[in-house]
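Presented below is the structure to which this report refers.
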Amino acid sequence: MENKAKNGKAGVLFYLIMILLPLLAALICLGIGRYSLTSSETVKVLLSKLTGADVDNTAATVIYNVRLPRILLAAAVGAGLSCAGAAFQGLFSNPLATPDTLGVASGASFGAVLAMLFGGNLVAIQLTALVFGLLSCFVTYSIGKTKGRSNIIMIVLAGIVISAVFEALVSLLKYLADPEDQLPQITYWLMGSMSRATYGNLALGIPFIAIGVLIIFLLRWRLNILSLNEDEAHSLGMNTQLMRVAFIAASSMITASCVSMCGQVGWVGLLIPHIARMMKGNNNCTVVPISICLGAFFMIVMDTFARSATAAEIPISILTAIIGAPVFIILLKKTGGAWS
């Protein structure tokens, strides 16, 4: 009994640390940049709306209008992509599954580039990306159905094909774009950046991420059953078709929304769930919440480094790849490639 109580306290402490990690990172990162602030100054500015305290106008503008939207977007994107990656890895029983397994990111990228080509504003770009991202998921799932039932292998293969088609279409649009004006904008957008974060964009995109994350979080224990074979899952009374649709729809909604707001961000949905499994094992009941917290923390830190490391902002996907690839290699060496 005493050991159980100790383990229970340790578990609560662990999850408390996980929750506090992105919050502390956000507080520290809000003060980092060309206009630097201490943590106490940052807290004072943040609370000034409630307390009515007299604060420097420049500091308030930098915090509320520039850094806070970016950090909120980074946290949402990191948490969302990590959650979607964990869900797909559990659903497909594949350690290499990512949020773009079904071609959603490629579809959303095509939609965004198409909107840019026709001179759309940020809202138009975001909406078009979201629509095409969800459309690519629908097409992939439709192709993957055989005799009215979904087949995991067929869905994955269809996702690879749809992703390749949309990537080819993106290349075609880049070829047709004005090399002086449109092409640089398209190329920079595809590399990923949080610089377009505004409260309006967040209000449009974050609800989709929040709904998707909530669905996966509430149903996360069912991922353990879906990792079993079809007969075993049915014997436990689960409607596997319905659960697959729920997880695929939630993950695709998250991915499409993330891509629509900040472009393509790689490695997060692949790397973070693996780190979560190394920390607490393969039980998806723990992998999903840890992935959400670590993903938010990781993206906040990466975005802060991207905007403050050099005079010109570094595209976020470059950083996540530079950091993610070596870390993933270390994880593979440490675990020997084992995954179950």
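A few remarks follow.
- Within segment 287-313, tally of residues that are free of Cβ contacts under 8 Å to residues at least 40 places away in the same chain and either crowded, with 19+ Cβ neighbours inside 10 Å or within 18 Å of residue 259 (Cβ to Cβ) (or both): 0
- Just one of the listed residues (206, 216, 186, 211) is in a helix (DSSP H, G or I) and either at positive phi or in contact with a Lys or Arg (Cβ under 7 Å, 6 or more places away or on another chain) (or both), and it is 186.
- When the criteria are applied in full, residue 53 fails the requirement of being in contact with a helix residue (DSSP H, G or I) (Cβ under 8 Å, 6 or more places away or on another chain), within 30 Å of residue 105 (Cα to Cα) and aliphatic (A, V, I, L, M).
- Whichever residue in segment 118-141 is without any contact (Cβ under 8 Å) to a residue 12 or more places away in the chain and part of a helix (DSSP H, G or I) and, among such residues, is most open to solvent (accessible area, probe 1.4 Å): 138
- Residue in segment 83-105 that is β-branched (Val, Ile, Thr), touching a Phe, Trp or Tyr at 6+ places or on another chain (Cβ under 6 Å) and either in a helix (DSSP H, G or I) or surrounded by fewer than 16 Cβ atoms within 10 Å (Cβ to Cβ) (or both) present: no
- Against the numbered list (1) within 24 Å of the chain's Cα centre (by Cα); (2) open to solvent by 50 Å² or more (accessible area, probe 1.4 Å), residue 192 comes up short only at (2).
- Considering only residues in segment 166-178 that are free of Cβ contacts under 8 Å to residues at least 40 places away in the same chain and part of a helix (DSSP H, G or I), the one that is surrounded by the fewest Cβ atoms within 10 Å (Cβ to Cβ) turns out to be 175.
- Residue tally, condition crowded, with 16+ Cβ neighbours inside 10 Å and in a helix (DSSP H, G or I), over segment 142-164: 9
- Residues that are of a type in the set (A, V, I, L, M), free of Cβ contacts under 8 Å to residues at least 24 places away in the same chain and part of a loop (DSSP other than H, G, I, E, B) within segment 222-279 comprise 228, 236, 238, listed in sequence order.
- Residues of segment 230-272 satisfying the condition of being aromatic (Phe, Trp, Tyr) and on the phi < 0 side of the Ramachandran plot: 247
- The residue list 206, 186 contains one member that is open to solvent by less than 40 Å² (accessible area, probe 1.4 Å), closer than 24 Å to residue 317 by Cβ, in contact (Cβ under 8 Å) with a residue 24 or more places away in the chain and not basic (Lys, Arg), which is 186.
The values are calculated or read from the model by the stated rules, or taken from the named source; none is laboratory data. Being a predicted model, the structure only gives us computed values, none of them experimental. Heads up, the Cβs are rebuilt from the backbone with ideal geometry, glycines too, and the neighbour counts pull from every protein chain shown. Please note that ligands, DNA and RNA were not included when accessible areas were found on the heavy atoms of the full protein model with its side chains. Shrake-Rupley method; radii C 1.70, N 1.55, O 1.52, S 1.80 Å.
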